[in-house]
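Reading through the structure tokens given below for one structure.
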Amino acid sequence: MKKITSNGRRLGMLLLMWSIALLLSAQQKEVSGKIIEASSGESIPGATIIIEGTQRGVISDINGDFSIPVSDNETLVISYLGYKTLRIPVSGQSSFLIRLESEIISFDEVVVIGYGMQRKGDLTGAISNVNSKDFNKGIISSPEQLINGKVSGVQIMSNSGSPTAGSSIRIRGGASLNASNDPLIVLDGVPLEQGGISGNNNNFLSLINPNDIESMTVLKDASSTAIYGSRASNGVIIITTKKGSSARTRVSFSSTNSLQVKTKLADMLSTQEFRNVVNNEGTPAQRDLLGSSNTNWNDEIFQVAFGTDNNLSLSGQVQNLPYRLSLGYYSQDGILKTDNAERFTGNLSVSPTFFDEHLKLNMGIKGSLNRNQFAAGAIWGGATFNPTIPVSSGSPDFGGYTEAIASDGTPVTSAVINPVGLLKQYHSSSDVNRVISNFDLDYKFHFLPELRFHTTLGYDYAEGKGAVFVPASAAQFFVSGGRDYQYGPQKKDNQLLTTYFNYNNQLDKLNSTLDITAGYDFQSWKSTSAYYEVLNVDGQVQNPVAAQDQRHTLLSYYGRINYALASRYMVTATVRKDGTSRFNEGNRWGTFPSLALAWRLSEESFLKGLDVLSNLKLRASYGITGQQEGIGNYGYLPVYTISQTGAQYIFGNTPINTYRPEAYVSNLKWETTKSYNYGLDFGLFNNRLSGAIEYYTRQTEDLLATVPSPAGTNFDKTILTNVGNVDSEGIEFELNATPVANNNWTWDLSLNASWLTQTIKNLSIIEGTEITNSSAGPTIDSYYFQVLTEGYAPNMFYVYHQLYDESGQPIEGAYADVDGNGLINSDDLYRYNSPAPDYILGFSTSVRYKEWTMGTSLRANIGNYVYNGMSMNTGALGTMSYNSYQLNNLNKSYLETGFKSRQYLSDYYVENASFLKMDNLTLNYNFGQITHFMSLNATAMVQNIFTITNYTGVDPEVPNGMDASFYPRPRIFSLSLGMEF
Amino acid sequence: MKKILYTLLVVGMASFSACTDDLNQYPNIEETSESVYANPDNYISALAKCYASFVTAGQGKGGEDPDLSSNNGYDYMRCYFNMQEAGTDEIGSTWIEGDNIGNLTFLTWDAQDPWVADMYYRSYYSISLCNEFLKNSTDSKIAGFTEAQQTAIRTFRAEARFLRALAYFHAMDLFGSVPFADENLIGSAALPERWEAAEIFEFIETELIECSAEMTDADHTDYGRAPRAAAWMLLARMYLNAATYNAGDHYSECMTYSQKVMDEAICWSRNMPNYSTPTITSG
């Protein structure tokens, strides 16, 4: 029933969008023309002729001729790669001779930076900008995936293959250890809330429709990020959404529909192999638990998943009011059954101007409704459930699913639950709504037009709630009588006021330009969630969950000076002073300065004669940035938490709710990062070959890290505090080239490469004390596998060195005596590689032949290691049975190791997970104008095409280097149609 | 029109002076130590946490909202039981692999073992809770309360000292020479010093003798709270094993305090509430 409504809704959305799109059209007459090269007079085939403000257009034929239906008041826009674009009003003319002049690629293109814009040629910092035309294609669940693999120094990793999972984004690897490493994301001038919300904990950014995004700018070095002060250490991503143009009404519609299939899964024993192991090595009691079925549990829990993404946008101008309106509908099933994410988005922006453009307003409102269906964690069961027993037991108990039943007739405590029953009997959905609005006012003073006042009011509001239902008969909550409860709403409220003055003047006498910005920001965050109770089906309270109310505030003053002399020498200086509510009064304010210099060598007279060189620029910058995310709002205060009902202590006859003091560090302060960046930009052959090289070093001080709390000093085993320093350095390289561009062929390619290394310099709570190893990363059965140690890279695997017999078989429990004292104990653990790659490479290319375009992008990580948790945790005979009622399948690694017990800390399971992935392959055909009112574009795509790796687990690219019950990333086949009217 | 603009500008400018008071943010639901200890009624809740830390693992039912952010999630007593028993013939675990007590069972544990590490931190967690309570219930801090309230809090204080001594006893018994932290250290930046087992022994001994004098007798003790005989019992137990802690021979004191416990003649049922059988529930 639920399925039908969901599909019905999808169909309805589609039809609605189509019909709106088709309503709009116009009336024209036919004009014709010829396009020639201005200097030689040769005809230019393959040039694009588009009616301005529409997507109606044609391409000139082999003789450079074209004809197109137009209205008299329309304007032709003629473009061809490497030539200047021309605008020619029709004005009653019916035939044209058009001369195109070759173009020197302009450095006047502006790039969005923090609190302003800057000409590309004047940039002094390490900034990468990706525009919508270069975004990744295909079904894109969340904005960050648009630029995955496109920017050097940026690592974007989807957390899993589930549509409800988000991504982690790391710019230059992040600067912190345990505090947040997420970059600051600024959407149309509004710094967004970090983290998630009830009902969408992992994928908050996905509430922004990727199709509404015009460009994404990544600020990497301290000189470009320091204007964001205390939130800048991990880099900044500025997202600019599409705005209305002042041209005529333009309607576009696109629809992408996809099928996702499962790829590699955990490598478990086949049914026959499993039978052999149980029969040969199991106890008689275990042999008795073998059934006669042959169930492929993975086939039972995974499916071919359907996804659709549809977008309709309308832009143009009403009177003096440029607008853009867009609607989007996205729905994606997961390859794990019952998993789904659905999103409906609406986006309106209007940008009127007044008083001869002295006053510009821009109002944007983006809304989204997100509905998720969360699948139960059936991946473990899919891998390990006994393949010799059937899905259905034949009895009506426990929903009819085969379960491990104890002698008293109830499901065995802590048994693995039938994964199919787990999925089918678990109903967890959430509804999340988010509205992000911004209002910009930009006023150029009448008496001094060089001076502007800009203010932005931003508001980001989100609300999330959800419901969980599990029938009382289901094994998963059998003892407590199922689940039936709602949670939320959690409300998140983020308000922003930005005000700044900007003075920009060409000082002709001094042959200089000067740009000064000074401003003030106020931003406050509030997150509340209501008290709720986890109830069973009978309404009995299973667990009360406390209400939450978290707030914090940031006040900031900032300024920037950009000065350029003779377009050759450039200086940028910024400073920001931030005050946060998260620290005590003495530590509350921090100042974050930066300075950058650049020299455009190519503008110097001694290089000006060099025609081949179109750009050569040297850059250097230094800056101090801060970091205060990932720590609590009240971490410096001695907070007391009252216990919930069910966690009281009884005195006499009275249950007493207890007061617990929370761990705190009263002198908590910013983590600060000092960084140097040196860059070289170059462009050759009219910038058909261009690129940049960056080298940077970074020292993070007063590092916010979670380290063991000395016993007896605080109220936790570990504590987040300012403890140490981490140094990092890296090299980044970007190259963009257009080797071929002619009538029929265009070939673009771009390549980026990053090298990064990090070292922990100091990690002691008290200076001069002995070095401590601080456990880090994910755990299995409360074993940690990674460690933070002074003098080493962060999060290195901390394991025993496995010993092997003569035939190469690992010997159970035999490890190298690293310290040579004759004992094997935790002093023999050693640091063995880290999950962070040494090199990250990205490559994309596209080839156009006439109307066909084929593109692909590949990504590689080299030197990253993964702990194959699935192999360890299911790879010992002991894991075949945790209780007397159930058998569990084993990992194929058991056949190699023959381990009796799990060898948690053996380096046998730490594997080199270097990989090369082809992320996507697209084939596009541009039909052009197919009727007089519509142009059409069709694309076929495959995403996640192949992975080349020696890693034996599910996927070499897993969060935190831990492969445990990983939800596999699907391979996605999709077809996309784009229409413009 | 321009006027309106400039008015807008002035308003915009005015917002520059938004007050820095907004930087003073305090918890809206949770309390701070200041607010908790301002109210004499809250002391019993803070003491109850000292007690509860021996048997529960968090502030939510079944150990939800755990006390320690990075451990197994098991409570003090389960850790203590496993530490004491898993390596002996007294139990035969049917869930060695699942419960991960192989190291304890086969006597191959070290500091990395989750049960060992958790037991260590759980005992110091209880010690810290008691220290925090003692730090906030000194005579000067409670001077503003009524006489009756002060009397009650002094008894709480004695019980907190007993609980701290109990946790120190477990730490000393299991780990030997251990760090020492009292109420003067908690909340300061100082690091605890490592004390020899014999020094810890001496501290526990002094504490128990002192606090037992201020604790109630069994007849006047609510269910769930420790009477003075509990302190004596702990003394007797520690004296019995004193040589193990390099504290010499204390058999006669052991006899003295054992006798005192028997003289107190605690009857299990006397102060029990009307529960037919005591039950222990878990998650």
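Overview of values
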read-out	value
³J(HN,Hα) computed for each position of the range B:116-122 - Karplus, 6.51 cos²θ - 1.76 cosθ + 1.60, integer Hz, glycine/proline x	5, 4, 5, 4, 4, 6, 5
For residue A:838, distant residues with modelled amide H under 5 Å away	A:862, A:863, A:864
Cα-projected label distance for residue B:34 with residue A:88, points at 7 Å along beta-carbon direction, nm	7.7 nm
Orientation-averaged projected area, Cα convex hull of the range A:899-981 (nm²)	7.7 nm²
Net charge contributed by nearby residues that have their C-beta within less than 14 Å of residue A:30 (K/R +1, D/E -1)	-1
FRET efficiency, 1/(1 + (r/R0)^6) with R0 22 Å, evaluated for residue A:504 and residue A:608 via beta carbons	0.25
Average partner coverage of B:53-63, which counts Cβ from other chains inside 10 Å	5
Using alpha-carbon coordinates, inclination of helix A:2-23 to the longest axis of chain A, degrees	0 degrees
log10 of Debye I(q)/I(0), alpha-carbon scatterers only, for chain B at 0.07, 0.11, 0.13 Å⁻¹	-0.35, -0.75, -1.02
5 angstrom amide H check on residue A:745, placed H, neighbours 5+ away	A:850
By average C-beta atoms within 10 angstrom, highest first, the peptides A:882-890, A:150-158	A:150-158, A:882-890
Full-extension gain in nm, residue A:299 to residue A:117, via 0.36 nm per residue minus C-alpha separation	60.3 nm
Residues residue A:214 and residue A:355, FRET efficiency given R0 of 22 Å [Cβ-Cβ distance, rounded to 0.05]	0.25
Projected label distance in nm at residue A:862 and residue A:446, using a 7 Å step from Cα toward the beta-carbon	6.4 nm
Residues of type lysines that residue A:243 reaches as a straight line, Cα spacing below 16 Å, ignoring anything fewer than 8 places off in the same chain	A:133, A:360, A:366
Peptide-level mean, for B:183-195, of C-beta atoms on other protein chains within 10 Å	3
At most 11 other Cβ within 10 Å, DSSP loop - GluC sites (Glu not before Pro), the range A:50-151	A:101, A:109
Calculated over the range A:729-858: convex hull of Cα atoms, volume per residue (Å³)	213 Å³
Partners for residue A:262 among aspartates and glutamates (Cα-Cα distance below 18 Å; same-chain residues under 8 apart left out)	A:299, A:300, A:333, A:339, A:919, A:955, A:957, A:963
Length-normalised contact order of the range A:846-981 in % [C-alpha pairs under 8 Å, at least 6 apart]	28 percent
Sequence-distant lysines (8 or more away, or on other chains) whose Cα lies within less than 24 Å of residue B:61	A:465, A:717, B:49
Whole-percent pair-distance distribution, where bins are 10 Å wide, for the alpha carbons of the protein assembly as shown	2, 8, 15, 20, 20, 15, 10, 6, 3, 1, 0, 0
Rounded percent of accessible protein surface that carbon and sulfur make up, the range A:227-319, 1.4 Å probe	45 percent
Averaged over A:433-443, number of beta-carbon atoms from partner chains that fall within 10 Å	1
Kirkwood Rh (inverse of mean 1/r, distinct Cα pairs), the range B:78-124, angstrom	10.6 Å
Cβ-based charge dipole, the protein assembly as shown, positive-most Cα from A:398, B:252, A:615	A:615
Label-to-label distance, nm, for residues given as residue A:927 and residue B:251 (7 Å Cα→Cβ offset)	10.2 nm
Net charge dipole size for chain A [Lys, Arg +1 and Asp, Glu -1 on Cβ; Debye, nearest 20]	2160 debye
Span from the the range B:53-121 Cα centroid across to the the range A:181-217 one, whole angstrom	41 Å
In order through the range B:40-55: 3J(HN,Hα) via Karplus (6.51 cos²θ - 1.76 cosθ + 1.60), integer Hz, x for Gly, Pro	x, 5, 7, 4, 5, 5, 5, 5, 4, 5, 4, 5, 4, 5, 7, 10
Residue order for A:236, A:818 - accessible surface, 1.4 angstrom probe, largest first	A:818, A:236
The range A:112-179-the range A:690-719 distance, computed between alpha-carbon centres (Å)	23 Å
Sequence-distant residues sharing a close amide H with residue A:761 (under 5 Å, placed H)	A:725, A:726, A:727, A:791
Amide N proximity, the range A:256-292 versus residue A:884 label position 7 Å along Cα-to-Cβ, cut-off under 12 Å	A:285-286
Span from the the range B:202-239 Cα centroid across to the the range A:389-436 one, whole angstrom	50 Å
Computed helical MRE - 222 nm, the protein assembly as shown, DSSP H runs ≥ 4 contributing -39500 (n - 2.57), nearest 500	-5000 deg cm²/dmol
Pairs from A:34/A:608; A:34/A:84; A:137/A:492 whose Cα-Cα separation, in the structure shown, is over 27 Å	A:34/A:608; A:137/A:492
Estimated vicinal HN-Hα couplings, Hz - the range A:256-262 in sequence order (Karplus 6.51, -1.76, 1.60; Gly, Pro = x)	10, 10, 9, 10, 10, 10, 6
Listed residues B:242, B:111, B:230, most fluctuating in chain B (Gaussian network, C-alpha, under 10 Å)	B:111
Cα convex hull volume per residue for the range A:110-241 (Å³)	108 Å³
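The values are calculated or read from the model by the stated rules, or taken from the named source; none is laboratory data. Because the structure is a prediction, the values reported are computed rather than measured. Quick reminder, even Gly has a Cβ in these numbers, built from the backbone with ideal geometry, and neighbours come from all protein chains shown. Quick note on the areas: whole protein, heavy atoms, side chains included, nothing else; ligands and nucleic acids left out. Shrake-Rupley method; radii C 1.70, N 1.55, O 1.52, S 1.80 Å.
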